[in-house]
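The values are calculated or read from the model by the stated rules, or taken from the named source; none is laboratory data. Quick caveat, the model's predicted, so the values are computed rather than measured. Every residue, glycine as well, gets a Cβ built from its backbone with ideal geometry; the counts of neighbours run over all protein chains shown. Each accessible area value is taken on the protein alone, full model and side chains, heavy atoms only, with ligands, DNA and RNA left out. Shrake-Rupley method; radii C 1.70, N 1.55, O 1.52, S 1.80 Å.
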Amino acid sequence: MNPTVIRLAFSSLLGRARSLGLLALPLVLLAVCLLARLAGGEPQSSDGTLGRAVLSGLGLAVVVPMLALLVAAQLLGNEMDDGTIAYLLSKPIPRWHIVVSKLVAAITTTLLLGAVSMALASLILDHTDPGKALGWAVGAAVASVAYSALFLALSSMTKHSVVWGLMYLLVWEGALATLLEGISWLSIRSWSTRIAGWAGDMSVISADSAPLGYAWVASGVVLVAGTVWAAYRLRGLSITGDD
């Protein structure tokens, strides 16, 4: 890791307009949970039908991955698109240090906005069970790490990382995961939901869910593979940012 690269990465994310854009996603999640809580008139179990629809169907399926996608695109995709990545490539910094530093910034940002908002959302639905809130936070943390690595690797490959990332979320994690049972074995959302269920002792596991050990290992594989691929892609770039 390189402290200077990490500082620059956070600086690029903390612009006023960008910060407001990122905050909008967790605020929508919290607002939906608040409305559901007020409409119900009593605590709503965060692993019940409504809780799973909001926390897994909206939080883990939309809010967390979208945060990771937007952050990764800002940290690497935009720099490769406009050529400013050449500034870092011209410095005597190993290129894998650049990737790891940006990944640390991406994970930290997504964790703070995603995992924390998931815990708060669970508490809004049912403030009497903090254990379930912790479970959803752990699941969101795992998703934050895996999605950040995946989308950072995607940002290193194409100038249209946001478009391809949305396609992945809508088609693979969305439509196909609903239609084909086997997709759960290759779905970050499924892995993180499985881990959330274990961490919070919740009944959010479907019959076709992958085993807990597999979910942990698969998430780790995505982290390592995404980091290695992004570093490999940066090594292939010339000082001008061209392939």
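Of all residues in segment 99-139, those that are over 18 Å from Val63 (Cα atoms), open to solvent by 10 Å² or more (accessible area, probe 1.4 Å), touching a residue at least 24 places away in the same chain (Cβ under 8 Å) and assigned to a helix (DSSP H, G or I) total 5.
Wholly within segment 140-240, which helices (runs of 4 or more DSSP H) include no fewer than the required count, namely at least 3 residues that are open to solvent by less than 80 Å² (accessible area, probe 1.4 Å), farther than 21 Å from Ala115 by Cβ and of a type outside the set (Lys, Arg)? Steps first, please.
Values: elements: 161-167, 188-199, 212-235.
Here the list reads 161-167, 212-235.
Restricting the first member to segment 176-203 and to residues that are in contact (Cβ under 8 Å) with a residue 40 or more places away in the chain and among the β-branched types (Val, Ile, Thr), and the second to residues that are open to solvent by less than 90 Å² (accessible area, probe 1.4 Å) and assigned to a loop (DSSP other than H, G, I, E, B), the beta-carbon pairs closer than 8 Å and six or more apart or on different chains are Thr193/Val204; Thr193/Ile205; Thr193/Ser209.
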